[in-house]
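K.L.:
The structure's right below; bear with me while I get my questions together.
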Amino acid sequence: MGRRQLSRPAALAIISALLLVAAVVGVRAWVVEPVVVASDSMEPTVAAGSTVLVSRWSPASVDAGQLAVVRSPDDGRGVLKRVVAVAGQRVVVRDGVVFVDEVALDEPYVDARAVDGTFFREVLVPAGHVYVLGDNRAVSVDSRDFGPVPIEDVVGTVLWMP
């Protein structure tokens, strides 16, 4: 019995399909990844169970105001937070209001009724770090708890959200 050979069009179709699968897997692993938000720490901006698209390019820098997935220092899992300050900036929370370099942030996405009158000492964000907070301050575990996040622990930034 002889070996059966694929026709040239069939072989090209199989190779094309394999390259397409490799490209999709590569894009998801290294460029853009859908991430399901597991907690309610970013509500009302992003509800628990929502899917966001995250750029996985390792950012050399991240801008204040961007939503980013960072590795939790507790367990290394990715958590979605808002970058409120970058290296060299001073952050303090007074009566539930975030001040960056002595200027109160305008945060219409934060439900002020859910924020208690907390105070957190002033922090100077060190070089190579960012300061992150969840929009749902009453339940979020963030830089108020674990301090500034090294930029290498920023997994990616949000490109799209519902």
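The values are calculated or read from the model by the stated rules, or taken from the named source; none is laboratory data. Being a predicted model, the structure only gives us computed values, none of them experimental. Heads up, the Cβs are rebuilt from the backbone with ideal geometry, glycines too, and the neighbour counts pull from every protein chain shown.
K.L.:
Could you list, in sequence order, all residues of segment 81-122 that are under 27 Å from A38 (Cβ atoms), among the hydrophobic types (A, V, I, L, M, F, W, C) and modelled with pLDDT of 95 or more?
P.N.:
V83, V84, A85, V86, V91, L105
K.L.:
Quick check on R8: is it modelled with pLDDT of 70 or more, more than 26 Å from S143 (Cα to Cα) and out of contact with any helix residue (DSSP H, G or I) (no Cβ under 7 Å at 6 or more places or on another chain)?
P.N.:
yes
K.L.:
Sticking with this one: Restricting attention to segment 87-120, report how many residues are among the β-branched types (V, I, T) and more than 17 Å from D145 (Cα to Cα).
P.N.:
3
K.L.:
Here is a list: V62, V46, V70. Which entry is surrounded by 19 or more Cβ atoms within 10 Å (Cβ to Cβ), modelled with pLDDT under 90 and closer than 25 Å to F99 by Cβ?
P.N.:
Only one candidate passes the filter, namely V62.
K.L.:
I'd like the full set of residues that are under 21 Å from the mean Cα position of the chain (by Cα), assigned to a strand (DSSP E or B) and either surrounded by fewer than 19 Cβ atoms within 10 Å (Cβ to Cβ) or without any contact (Cβ under 8 Å) to a residue 12 or more places away in the chain (or both), limited to segment 87-101.
P.N.:
V100
K.L.:
Quick check on segment 147-155. Is at least one of its residues modelled with pLDDT of 95 or more, closer than 16 Å to M42 by Cβ and surrounded by 21 or more Cβ atoms within 10 Å (Cβ to Cβ)?
P.N.:
yes
K.L.:
Mind checking which residues of segment 119-162 are among the aliphatic types (A, V, I, L, M) and part of a loop (DSSP other than H, G, I, E, B)?
P.N.:
Scanning segment 119-162 gives V125, A127, A138, V139, V141, M161.
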